Protein chains: 2
Amino acid sequence: MFIPMLMAQCSEKQGEKWLPLCENLIVIGTYAQTELGHGTFVRGLETTATYDPQTEQFIINSPTLTSTKWWPGNLGKTTNHAVVLAQLYTGGKCHGIHAFIVQHRDMETHQPLPGVEVGDIGPKFGYEAVDNGFLRYHNVRIPRDNMLMRYSEVTKDGRYIRKANEKLTYGTMVFVRSAIVSTAAKNLGEACTIAIRYSAVRRQSEMKPGEPEPQVLDYQTQQHKLFPLLATSYAYWFAGRSMRETYLDIQGQIMAGDFKRLPELHALSAGLKAMSTWATNEGIETCRLSCGGHGYSHASGLPKIYVDATPACTYEGENTVMMLQTARYLMKACGQAAQGNELPGFVAYLNQKGVDRCMIGDDLSLVSLVSAYQHRARRLIGKAALQMKAHMERGQPQEVAWNLASVQLVHCAKAHVQCYVLKNFVDSIEQYGHHEDVARVLTQLCQLFAVDGILNNAGDFLQGGFMSYDQLDNMTAKLLDLLAAIRPNAVALVDAFDFSDHLLQSVLGRYDGNVYENMLEWAKSSPLNDTQVHDSYYQYMQPFLKEMHKSKL
Amino acid sequence: MFIPMLMAQCSEKQGEKWLPLCENLIVIGTYAQTELGHGTFVRGLETTATYDPQTEQFIINSPTLTSTKWWPGNLGKTTNHAVVLAQLYTGGKCHGIHAFIVQHRDMETHQPLPGVEVGDIGPKFGYEAVDNGFLRYHNVRIPRDNMLMRYSEVTKDGRYIRKANEKLTYGTMVFVRSAIVSTAAKNLGEACTIAIRYSAVRRQSEMKPGEPEPQVLDYQTQQHKLFPLLATSYAYWFAGRSMRETYLDIQGQIMAGDFKRLPELHALSAGLKAMSTWATNEGIETCRLSCGGHGYSHASGLPKIYVDATPACTYEGENTVMMLQTARYLMKACGQAAQGNELPGFVAYLNQKGVDRCMIGDDLSLVSLVSAYQHRARRLIGKAALQMKAHMERGQPQEVAWNLASVQLVHCAKAHVQCYVLKNFVDSIEQYGHHEDVARVLTQLCQLFAVDGILNNAGDFLQGGFMSYDQLDNMTAKLLDLLAAIRPNAVALVDAFDFSDHLLQSVLGRYDGNVYENMLEWAKSSPLNDTQVHDSYYQYMQPFLKEMHKSKL
């Protein structure tokens, strides 16, 4: 993150100085934003950079315990420089968060510089191999030039000048989030690949007395665990891809200072980041548990996928905060729609009236499914807005009203994101489903994604009589039909991800299906099996047992 | 598990021989049930014990790769004996699964005995310190006396005699499962303690401009994540306790051969084991994620609670299989009710007609909540039974019909268990809530448990017009009211668990709330901080950087 953040925030001249130093591995850097006391709420960071016009230097300080920089990757033991976010003070006034290049270790000896405390933050859930560090500054002085000055500047005599529009950085955030969505979809796809392949190898219990044990993938309950996750993985893969493409489409406009489409894209990307990483987080564990005991073994590869994927729920913006960012935009859009203004792309459906009654029939037409999701999102967004209004009418300040409605705000943001993901899935079938068979199977996955979502949120769809009780009952029947329809293609649908055995690192999820012989081989290679009797026996057990027997004589 | 299984299955004479050997640590044993190819489906185990009347010995074999014993604790490197489950053959006939004491390591040298392959199964998700092993037998001979003969016997000349009723072992299963439910509740309580205490220490973001940052526990979204889990922890704690008490109450009857109440208790215990461990599994991770970045650090204590708790979803009966056991009993009960038979204790509500309309009003009376849950369970159980019937009428054999209805069967079992847990929560308030204030706050928790469950399964309650749309809207309003009502007591409610700091091993969840200074202290104690510059710098980084610079000159 050091080089991207440097490039995003430095002036041209600064780039010319620092980038060659990075390239030649003289500067090895990290990006130091998060502190012990503050994460997603960047404005609350406490590290200070105070300008001293006498020496034309900034003085960097960690004035409180909670201002200790915490978590930056490679910070503890590896790097010698950091892009540090700090509150900028000049002329006694705080100008908010800015970025500075600060050196923390000597280039020759690698020892921490005077005034710097730096070290490892201790063991974590996964990420064992990452050198996450802490860092404290005590009056560390850096040249004025080390402030990254693309968006604002402090002059030699200490005047603060704001230069460019910071909205540019929102574009970068959209891009980073689209990558997180795609990675989440990939991680969930990996877990599905392992669980579905293994479920086709594993045989268990009796379905019919006297017949061979069936593949566990033939159990309806197993299909019900795994196939909706498979559909979800496809759905978010398409969503991540579309978001990236949309961003690249409008990148030119953004660079030219036209930020028209950025707010809706930025808002959607926040919610998509949250929903995709949550779904992946839960989904990987469902896949792992669906593999029975062997899912716990590292031979399955699943624990590693989980601990690698779960931090995405928190980094680059904590998920609930992200959902509320999406909700904030939806509340604005809802207000604009109420005033008769036309809304852009992803929220245009809020302008439409839609159908009064759910039109989903036996054919599960994609149009009717999207329309039901739009109805639900429209209703929930409107309801959250009314809730906000009601609290304010009862005399609550806006901020308090926001908090009092926040559970409903998160819920409506969820409905909006799911609506987008479904609509985008449908559009992607148009785009990628040129072959009839591919289109058919993608349509089944898309229907499963939609139907499963309806059943998990049935109250939202029934509310107000939109969906009838019979229609809901039919959803259960359709779900079960879809599971049976997808079963013959399930292994092919994960093979289509084309993850190599080398990437999956899973004995359970091997492409060739030779699970059991390789489980035993894998176990035998455990270092504990290097000897028949482990050293600990001679060192601890044998003397202890002898002592015990003596004492009992 | 070695000694309990030995005691449960041995004859009196065998107990007299083996227990002193265990007590004197001459025999160190494990319980070897699970194999590479079979877990919960015990009948499918493949290890064989073939009786040889010539020598009056059993010959133990692992005839297939998948018959390799896999997972038993302390098996790989520590123990010298095992209680082994194997298919018993005598006179050419298989008599099913029986238990045998088999020695696998020499008592003097600790070397594996001839014909035995034994070792470690490799690293796992959590349980790193547990010596889980594998074991294969090649014609290992044991004396006839090593078959555990409480329930059946093989005579010297090889005749097979069934002796006692195996239903006795069901009682033990109920007892073990009640312990799992209580442990699950405890684990979830630990995670809630850490997350709720930390949320009262952590301050973040702005609620009102210019005011100090609020405790994150004041955010509605944070309350919505944590308080339903707190209520769930209390609910399952009461459930585990009641199940244990019920078992102890009827233990005398069981020992006297009266198994009347055992089936309903056994069926309930299966579903409770599954529901409590699933809820705990998900809940711990929700708690961890609610702590932001610090939840990932082992300083939080949460990752360890998770990896310790999650195996309970799989051991002692895989959860989905457990749910289907509950469902099987419910289908029988439903059939008996249809024939006008009176049903016992936990399923007696299936005999009742109940109310047609949901009676939940503004007071959220506990009676009306229980009655709504009973309605839902009754309807879903009846519907699953109809589904089964419909499949069979279409010509499907019963086993296939069972599989085709299994998603609905699991769902109705879930409704039954939740109904029991709620009813038992209500009863426990009667039992423990002698003090008015305690009763009031327990009632709020109980209402939250019920209302949250209704909102998460709203379709079930709306279906057929049982609950009205207005009532459902009111549930959301009540949920938010309850979160606010519980907030002032939340920390006290976790303190009431009385988990010591020593037990929790959590810097975030410290009783004294001094989180940040102790986070820094904890980090500084990381071995990586023993030196300012880590050895790896001199060994790898410095030479690499020098080489790089040279090559660029």
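We did not get these values from a lab; they are worked out from the coordinates using the rules stated. Because the structure is a prediction, the values reported are computed rather than measured. Positions of Cβ are generated from backbone atoms using ideal geometry, with glycine treated the same way; all protein chains shown enter the neighbour counts.
Looking only at other chains, what is the average number of their beta-carbon atoms within 10 angstrom of each beta-carbon in A:1-10?
That works out to 0 on average.
Give the Kirkwood hydrodynamic radius (Å, one decimal) of the range A:2-159, defined as one over the mean of 1/r across all pairs of different Cα atoms.
15.7
So for each of A:263-270, A:16-23, A:133-140 I average, over its residues, the number of other beta carbons within 10 Å; can you give me the resulting order with the highest mean first?
Those peptides, ordered most packed to least, come out A:263-270, A:133-140, A:16-23.
What does the structure give for B:309-316 when I average, per residue, the other chain Cβ atoms found within 10 Å of the residue Cβ?
Counting other chains' Cβ atoms within 10 Å and averaging over B:309-316 gives 3.
Ranked from highest to lowest mean number of other Cβ atoms within 10 Å per residue, what is the order of the peptides B:150-156, B:546-552?
Per-residue mean Cβ counts within 10 Å order the peptides as B:150-156, B:546-552.
Using a Cα-Cα cut-off of under 20 Å, which lysines could be cross-linked to residue A:260, ignoring same-chain neighbours fewer than 8 residues away?
Within the straight-line limit of under 20 Å, residue A:260 reaches these lysines: A:167, A:332.
Does the range B:79-229 come out rounded, prolate or oblate by the C-alpha gyration tensor, with a ≥ b ≥ c the root eigenvalues, rounded set by a/c under 1.5 and, if not, prolate when a/b is larger than b/c and oblate if not?
Prolate shape, in that a/c is at least 1.5 and a/b is the bigger ratio.
First select every other residue whose beta carbon is under 13 angstrom from the beta carbon of residue A:286; then total the charges, Lys and Arg +1, Asp and Glu -1.
-3
Lysines near residue B:423 by alpha-carbon distance under 21 Å, same-chain residues fewer than 8 away left out - which ones?
Within the straight-line cut-off, residue B:423 pairs with B:186, B:273, B:353, B:414, B:478.
What number, rounded to the nearest 500 deg cm²/dmol, is the helix-based mean residue ellipticity at 222 nm of the protein assembly as shown, given -39500 (n - 2.57) per DSSP H run of at least four residues and division by all its residues?
Helix contribution divided over all residues of the protein assembly as shown: -17000 deg cm²/dmol.
Let me check I've understood the local charge: for residue A:220, count other residues with C-beta under 13 angstrom from its C-beta, Lys and Arg +1, Asp and Glu -1. What total comes out?
-1
Just subtract the alpha-carbon distance of residue B:437 and residue B:245 from 0.36 nm times their residue separation and send over the number in nm, one decimal.
Stretched out fully, the residue B:437 to residue B:245 stretch lengthens by 66.5 nm.
Assuming a ≥ b ≥ c are the square roots of the Cα gyration tensor eigenvalues, decide whether the range B:279-408 counts as rounded (a/c under 1.5), prolate (otherwise, with a/b larger than b/c) or oblate.
Oblate.
Label position 7 Å from Cα toward Cβ: report the copy-to-copy distances for residue B:488 in nm, one decimal, ordered from shortest.
Result, one decimal in nm: 6.5.
Which net charge results for the neighbourhood of residue A:419, defined as the other residues with beta-carbon distances under 12 angstrom from its beta-carbon, given Lys and Arg at +1 and Asp and Glu at -1?
Cβ neighbours under 12 Å give a net charge of +4.
Taking residue B:383 as the anchor, which aspartates and glutamates have their alpha carbon closer than 17 Å to its alpha carbon, excluding any fewer than eight residues away along the same chain?
Partners within reach: A:470, A:473, B:356, B:393, B:460.
Please report the spacing between the Cα centers of the range B:213-227 and the range B:74-102 in Å, no decimals.
The range B:213-227 and the range B:74-102 have Cα centres separated by 53 Å.
Given the peptides A:185-193, B:339-347, arrange them by the average over their residues of other C-beta atoms within 10 Å, most packed first.
Top of the packing list down: A:185-193, B:339-347.
For chain A, just say rounded, prolate or oblate: build the C-alpha gyration tensor, square-root its eigenvalues into a ≥ b ≥ c, call rounded for a/c under 1.5, and beyond that prolate if a/b exceeds b/c, oblate if not.
Oblate.
Across the residues of B:513-524, average count of Cβ atoms on other protein chains within 10 Å?
4
Kindly state, to the nearest 0.05, the FRET efficiency for residue B:536 paired with residue B:21, given R0 = 41 Å and r defined as their beta-carbon distance.
Computed FRET efficiency for residue B:536 and residue B:21 comes out at 0.25.
I need to check one value: relative contact order of the range A:2-159, counting alpha carbon pairs closer than 8 Å and at least 6 residues apart, in percent.
27
What are the distances, in nm and sorted shortest first, from the label point of residue B:341 to the label points of the same position in each other copy, with each label point placed 7 Å from Cα along the Cα-to-Cβ direction?
Taking the point 7 Å beyond Cα along Cα→Cβ, the inter-copy spacings are 6.8 nm.
For a paramagnetic label modelled at 7 Å from the Cα of residue B:256 toward its Cβ, which residues of the range B:150-194 fall within the zone defined by backbone nitrogen distances under 18 Å?
B:165, B:168, B:171
Cα centroids of the range A:442-514 and the range B:182-197: how far apart, whole angstrom?
33
Distances from residue B:390 to the same residue in each other copy, label points 7 Å out along Cα→Cβ, in nm, shortest first?
Here residue B:390 shows inter-copy label distances of 3.7 nm.
For chain B, what relative contact order do you get, as a whole percent, if you take Cα pairs closer than 8 Å and at least 6 residues apart?
This gives 13 percent for chain B.
Specify the inter-centroid distance of the range A:250-268 and the range B:522-553, based on alpha-carbon positions, in whole Å.
For the range A:250-268 versus the range B:522-553, the Cα centre distance is 43 Å.
Please rank A:109, B:286, B:68, fewest neighbouring Cβ atoms within 10 Å first, as an exposure proxy.
Least to most surrounded, the residues fall as A:109, B:286, B:68.
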